[in-house]
Every structure is written in C-alpha cells, then in structure tokens.
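Here it is, the structure in full.
The values are calculated or read from the model by the stated rules, or taken from the named source; none is laboratory data. Since this is a predicted model, take the numbers as computed values, not measurements. Don't worry about glycine lacking a Cβ; one is built from the backbone with ideal geometry, like all the others, and counts go over all protein chains shown.
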Amino acid sequence: MNEPIKIAYHLISKKYIHIDNAENGLACNCICKECNERLEAIQGNERINHFRHHSNINCKGSPESALHELGKQILIDNKEISIPKYGKISYSDPIAEKQFKLIRPDVLAKVEGFYILFEIYVTHAIDTEKEQVLIDEKLNSIEIDLRGAEKLKYSEIKRLVLDEISNKRLIFWNNKDETKSVSTNNLKEQETTISTGEMIAKVIIGVFLGIGVIKVWKYLINGKYKKKKYYKKPRNYRFK
C-alpha cells in the first residue's frame, strides 16, 4: 500500500502546502510533486486526511521531496527560529535556493545584518564538501533534521522546523555578540582613521596656504612686484 500523500504543490499560491491547510476535493487546486498530475484533497472524520491522484493511480508521489520543500516554505513564511545554544533568534529576507558564494543553501536569510544558511535534512545530510565550505567561509549555518516527518500533521512539522532544538545542528556559528562587537569596533576604527586623515590633510593645506600668504605679503612690501625701469647706457660721442 502506498504511503498517503500529505504535501502537495498549490497552483494558486505557488507554494507547497500540507493537507491540513488545503480545501477539500479538487477545490484544493494542487498537483503532485512527482508527476505534476492533479490531486484531490480527501478529508473527513473517518479517514486520514491525504491527497489522492485524480487520474494517475500508479504514481506513489514523492513524500520526502515534498517534505523537503515544505520545510523550506515554513522557513520562508516565518521570521523566528530556535537554535541550539542561542535559543530563539529573529531572521529576515529569507529566500530559497539562492546561489551564495560557492554553494546554494536550501534557505538563505539574514540575522542582524549577517547571513545565515539553513539546510533541510530529509533523506540526505549535508555532504562533507559543502559542510567544509561553510566552515572555511565562516558562514553561520544550521542543519534541520526532518527525517520521518512525512506523516505528521502540519502543526508538528512546523514545530520541528521552528521550535524544536534537539533536531538541529550548528554547522558553523559565530557568537553574534562577538561578531557584532568586532564589526562595531572595525567601523569605529575606520571612522577614526578617516577623521585623523582629514585633520592631517587640513593642517597641511593650512600650512601651505599660510606660507603662500606670507611670501606674497613680503614680495608686496619689498616691491618685488613693481615694474623695473630699464635705462640705456649713454653713448660716448666724439666731436671733431
């Protein structure tokens, strides 16, 4: 027996949705992640809520891939997440599958002006090469383990993504207070350097201007700028 399909692509919102959030029947406006065929939402008190293919009865769907997509969608639709060691943090500007430096994270976001990368683990953990890039580049990054969550309710999947800590792993993380402090100090040093440089430049310009004014004044006093008179030397004439 095929596993019930719990997650599908919603044509209207262009997002992956859970059966718990879908309208009943063909009004759900959803298609299968695997075969792109139309799905029906089967809901009722006597049945387990699930999506059913409207015509393609041979497709088993792709529950793991759909869960992976839903995990990314939950991150994109929210702004807060609990992580190991640091608890709840706020993030902004989340975007899925955007190329960043040498890698393409599942979701890229910002935390207090710094980038954070999320990786969703359903069937495959982050590979060694990709993890090493994150560490070498010192990129704040988290892996979220959603293995086995395909059959869960939407509220439970959302809790695993955003609130649970035991299923998350910090791949690399700079202490945000230390990072913020270093950035602030660097900014202050740059401002101090610029201010000192401007002051020195002004002093030098002032000195040269002062010297120039003094020289001009001396020339004027000493008559250096007066026109010189030239006389021809008288010729000696001899009279016979």
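Kindly establish whether Ile144 is surrounded by fewer than 16 Cβ atoms within 10 Å (Cβ to Cβ), at pLDDT 95 or above, more than 17 Å from the chain's Cα centre (by Cα) and assigned by TED's automatic domain parsing to the domain that holds Lys72.
When the stated conditions are applied, Ile144 does not pass them.
Next question. Quick check on Ile17: is it under 34 Å from the mean Cα position of the chain (by Cα) and closer than 14 Å to Lys153 by Cα?
So Ile17 passes the test.
Related question: Among residues belonging to the range 24-43 that are out of contact with any Cys (no Cβ under 9 Å at 6 or more places or on another chain) and surrounded by fewer than 17 Cβ atoms within 10 Å (Cβ to Cβ), point out the one that is nearest to Gly148 (Cα to Cα).
Asn36
With the structure loaded, tell me whether Glu150 is crowded, with 19+ Cβ neighbours inside 10 Å and touching a helix residue (DSSP H, G or I) at 6+ places or on another chain (Cβ under 7 Å) or whether it fails that test.
yes
Note down all Cβ pairs under 7 Å where the first residue falls in the range 21-35 and is outside the structural domain of Gln73 (by TED's automatic domain parsing) and within 12 Å of His50 (Cβ to Cβ), the second is surrounded by 18 or more Cβ atoms within 10 Å (Cβ to Cβ) and of a type in the set (Phe, Trp, Tyr), and they're at least six residues apart or on different chains.
Between residues of the range 21-35 that are outside the structural domain of Gln73 (by TED's automatic domain parsing) and within 12 Å of His50 (Cβ to Cβ) and residues that are surrounded by 18 or more Cβ atoms within 10 Å (Cβ to Cβ) and of a type in the set (Phe, Trp, Tyr), the close pairs are Cys30/Tyr9; Cys30/Phe51.
Next question. Need the failing condition index for Lys60 against (1) in a strand (DSSP E or B); (2) under 21 Å from Ala149 (Cα atoms), just the number.
The number of the failed condition is (1).
Here is a follow-up. Which of the residues that make up the range 11-20 are crowded, with 17+ Cβ neighbours inside 10 Å and under 12 Å from Ile31 (Cβ atoms)?
Correct list: Tyr16, Ile17.
Name the single residue, out of those in the range 75-96 being hydrophobic (A, V, I, L, M, F, W, C) and not in a strand (DSSP E or B), that is nearest to Gln132 (Cα to Cα).
Leu75
Does Glu156 satisfy the condition of being in a loop (DSSP other than H, G, I, E, B), modelled with pLDDT of 95 or more, surrounded by fewer than 18 Cβ atoms within 10 Å (Cβ to Cβ) and not aromatic (Phe, Trp, Tyr)?
no
Quick check on the range 49-79: of everything there that is of a type in the set (Val, Ile, Thr) and within 30 Å of Asp163 (Cβ to Cβ), which residue is surrounded by the most Cβ atoms within 10 Å (Cβ to Cβ)?
In this case the residue turns out to be Ile74.
Hey, can you tell me all the residues within the range 39-53 that are over 17 Å from Lys15 (Cβ atoms) and outside any loop (DSSP other than H, G, I, E, B)?
Residues satisfying the conditions are Glu40, Ile42, His50, Arg52, His53.
Every residue in the range 102-130 that is acidic (Asp, Glu) and either touching a Cys at 6+ places or on another chain (Cβ under 7 Å) or closer than 23 Å to Ser92 by Cα (or both), please.
If the condition is that a residue be acidic (Asp, Glu) and either touching a Cys at 6+ places or on another chain (Cβ under 7 Å) or closer than 23 Å to Ser92 by Cα (or both), then Asp106, Glu112, Glu119 are the ones that fit.
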